[in-house]
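The values are calculated or read from the model by the stated rules, or taken from the named source; none is laboratory data. Everything quoted here is computed from the prediction, not taken from an experiment. Neighbour counts run over all protein chains shown; Cβ positions are idealised from the backbone, glycine included. Protein only, heavy atoms only, side chains kept; ligands, DNA and RNA dropped before computing areas. Shrake-Rupley method; radii C 1.70, N 1.55, O 1.52, S 1.80 Å.
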Amino acid sequence: MSDLTALPVTALQAALASGEASAVEVTRAHLDRIATEDGDLGAYLHVDADAALQRAGEIDAAGTAGTGLAGIPVALKDVFVTEGVPTTSGSRILEGWRPPYSATVARRLRDAGTVLLGKTNMDEFAMGSSTENSAYQVTRNPWARDRIPGGSSGGSSAAVAGRLAPFALGTDTGGSIRQPAAVTGLVGHKPTYGSVSRYGLIAFSSSLDQAGPMARTVMDAALLHEAIGGHDPCDSTSIDAPVPAVVEAARRGAGGDLSGLRVGVVRELGGEGAREGYDAGVIERVAEAVALLEAAGAEVREVSCPAFDLALPAYYLIAPSEASSNLARFEGMRFGIRVGDDGSRDIDEVMALTREQGFGPEVKRRIILGTYALSAGYYDAYYGQAQKVRTLVSRDFSAAFDGVDVLVSPTSPTVAWPIGARVDDPLAMYAADLCTLPASLAGVPAISVPCGLSEGLPVGLQVMAPALADDRCYRVAAAVEAALGAPLTDRLLERAA
Ligand code: GLN
């Protein structure tokens, strides 16, 4: 049997179903690769090889391997709580914490028979675009190991692109699935807000956070999406609607026929006259992808969404505001570390010391910013204004979707940058989110699909659709993938050969 870590999930399913490979063999192949590669890549924060092999053995013994996702290994971003398995959200403040329950998406994947390989590295509390804000380790991009893997789900992107997992879950608040997918040559989808449960996802910005799949092919992402999606009574913002038919859409899109589909190219996101901060190579690859859509029969036109220019400042008020509230629960009393509790200090001093030592600089920056934006006297000027901008962004989407079925843009204005290049410049780091933030603020679905290389590094095309029309994202992404002939990550395999 060929190298099991080189196969897409669809091929692994077939190998398991035919008995060509067992769940234990598939799991062991990935664990072996983790053992040889992850010392350098730094994708995982926690791997429990024995538990994974035991679980795979159970699936083999039950005879279900190859049915749906049974027997397929998966990695989870460390933002998902997992019963009995260390969960840190990339923060020192949660070091050593083993949650007493599992996130709904983690439970659904377990019930589907997947095998948890481990928990992946991330920017602390999902704040960042390079995974360099992790309190634990640097994660490297498998395409160029001196480059960032994107963030905040950079451990998941590095693991999947590096074949240390067949696919993985990430979370996306302002781009943290799509941008790391784009810069590592993966497919990454942020589902419609509320369509995938947030129960057990350690909250960053609750009105924006959304879990979603990261995979090497569109179909693999769709399979993972289908397994985690759907209503959850444990999440008060969960939408009670059927999961969009994403697997069917991926299959249909692979046929390559997009006739009748109306595509809008967003002028404000790298279009004519809005190219400052964009790599020329990114603009070129995206233009070529748009030409492929046209060749597949889509009707393409330019669309203007003027409020998108304000999405970045609005997001960087709303997300820190919600974070300042959500992170109040980390005070050393209930979870994780406690600092200075030696009998000589009162509770306020212990809480202050714990937060001082438990949080990193970016998290502190956001708590301070968010607390300020919400404070009496400034609330209307900052938080209130940002919410109004959010409404304008949603209205731009509604108006655009009156005339087109999907909107497209680059996912990230640039390719992966060198590790360290932006760590001292928060605004440069925030600029990485330019194209992903509008869909986050409006809660609409958006996918990133690879559309080629620039300077030898992956470029992603973003496809956005109206709420609950996630299937359109998959259909268009699959058509792009089919037109390009093979998953982009196959080129990494060729390089290694
Ligand atoms: N880069 C953005 C931020 O730092 C988005 C992060 C995310 O989506 N979790 O907030």
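Across the range 93-104, what is the number of residues that are within 26 Å of Gly229 (Cα to Cα) and either open to solvent by 10 Å² or more (accessible area, probe 1.4 Å) or more than 16 Å from the ligand (Cβ to nearest atom) (or both)? Write out each step before concluding.
Pass one, the range 93-104, residues within 26 Å of Gly229 (Cα to Cα): 98-104.
With either open to solvent by 10 Å² or more (accessible area, probe 1.4 Å) or more than 16 Å from the ligand (Cβ to nearest atom) (or both) added as a condition, the list becomes 98-102, 104.
Going through the range 93-104 one residue at a time, the tally reaches 6.
Selection over the range 357-382 of residues that are open to solvent by 40 Å² or more (accessible area, probe 1.4 Å) and assigned to a helix (DSSP H, G or I) gives a count of 12.
Candidates in the range 136-150 are the residues that are of a type outside the set (Lys, Arg) and touching a Leu at 6+ places or on another chain (Cβ under 9 Å); of these, the one that is nearest to the ligand (Cβ to nearest atom) is Pro149. The number of residues in the range 409-434 being out of contact with any Lys or Arg (no Cβ under 7 Å at 6 or more places or on another chain) and in a loop (DSSP other than H, G, I, E, B) comes to 13. Does any residue of the range 111-118 turn out to be without any contact (Cβ under 8 Å) to a residue 12 or more places away in the chain and either within 15 Å of the ligand (Cβ to nearest atom) or not in a loop (DSSP other than H, G, I, E, B) (or both)? Yes: one or more hits. A Cβ distance below 6 Å, combined with a sequence gap of six or more or placement on separate chains, defines the contacts here; from the range 159-182, residues that are under 12 Å from Pro73 (Cβ atoms) and among the small types (Gly, Ala, Ser) reach residues that are in a loop (DSSP other than H, G, I, E, B) and more than 9 Å from the ligand (Cβ to nearest atom) in the pairs Ala159/Ala43; Ala159/Ala165. Taken over the range 190-205, residues that are within 9 Å of the ligand (Cβ to nearest atom) and either surrounded by fewer than 24 Cβ atoms within 10 Å (Cβ to Cβ) or polar (S, T, N, Q) (or both) amount to 1.
If you filter the range 151-169 down to residues that are part of a loop (DSSP other than H, G, I, E, B) and closer than 12 Å to Asn121 by Cβ, you find that the one that is nearest to the ligand (Cβ to nearest atom) is Ser152. Being among the small types (Gly, Ala, Ser) and open to solvent by 20 Å² or more (accessible area, probe 1.4 Å) is the filter; apply it to the range 413-439 and report the residue that is farthest from the ligand (Cβ to nearest atom). Of everything passing the filter in the range 413-439, Gly420 is farthest from the ligand (Cβ to nearest atom).
No other residue among Ala245, Ala215 is of a type outside the set (Ser, Thr, Tyr), surrounded by fewer than 17 Cβ atoms within 10 Å (Cβ to Cβ) and within 30 Å of Ile72 (Cβ to Cβ) apart from Ala245.
Each residue in the range 316-349 was checked for being within 19 Å of Asp433 (Cα to Cα) and open to solvent by less than 10 Å² (accessible area, probe 1.4 Å), and 5 pass. Residues that are assigned to a helix (DSSP H, G or I) and of a type in the set (Gly, Ala, Ser) within the range 170-204 comprise Ala181, Ala182, listed in sequence order. When the range 440-485 is limited to residues that are crowded, with 20+ Cβ neighbours inside 10 Å and among the polar types (S, T, N, Q), the one that is nearest to the ligand (Cβ to nearest atom) turns out to be Ser440.
For the range 170-189, the candidate set comprises residues that are within 13 Å of the ligand (Cβ to nearest atom) and over 8 Å from the mean Cα position of the chain (by Cα); within that set, the residue that is farthest from Val26 (Cα to Cα) is Gly174. Among residues of the range 106-161 being of a type in the set (Asp, Glu) and open to solvent by 20 Å² or more (accessible area, probe 1.4 Å), the one that is farthest from Lys190 (Cα to Cα) is Asp146. Of the set (1) within 24 Å of Ser398 (Cβ to Cβ); (2) within 25 Å of the chain's Cα centre (by Cα); (3) touching a residue at least 40 places away in the same chain (Cβ under 8 Å); (4) open to solvent by 60 Å² or more (accessible area, probe 1.4 Å), all apply to Pro306 but (2).
The residues in the range 316-355 that are touching an Asp or Glu at 6+ places or on another chain (Cβ under 7 Å), part of a helix (DSSP H, G or I) and not hydrophobic (A, V, I, L, M, F, W, C) can be counted, and the count is 2.
Conditions (1) surrounded by fewer than 21 Cβ atoms within 10 Å (Cβ to Cβ); (2) under 22 Å from the mean Cα position of the chain (by Cα); (3) in a helix (DSSP H, G or I), marked per residue:
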position	(1), (2), (3)
Ser2	yes, no, no
Thr10	yes, yes, yes
Ala14	yes, no, yes
Ala17	yes, no, yes
Glu20	yes, no, no
Glu25	yes, no, yes
Arg28	yes, no, yes
Ile34	no, yes, yes
Leu45	no, yes, no
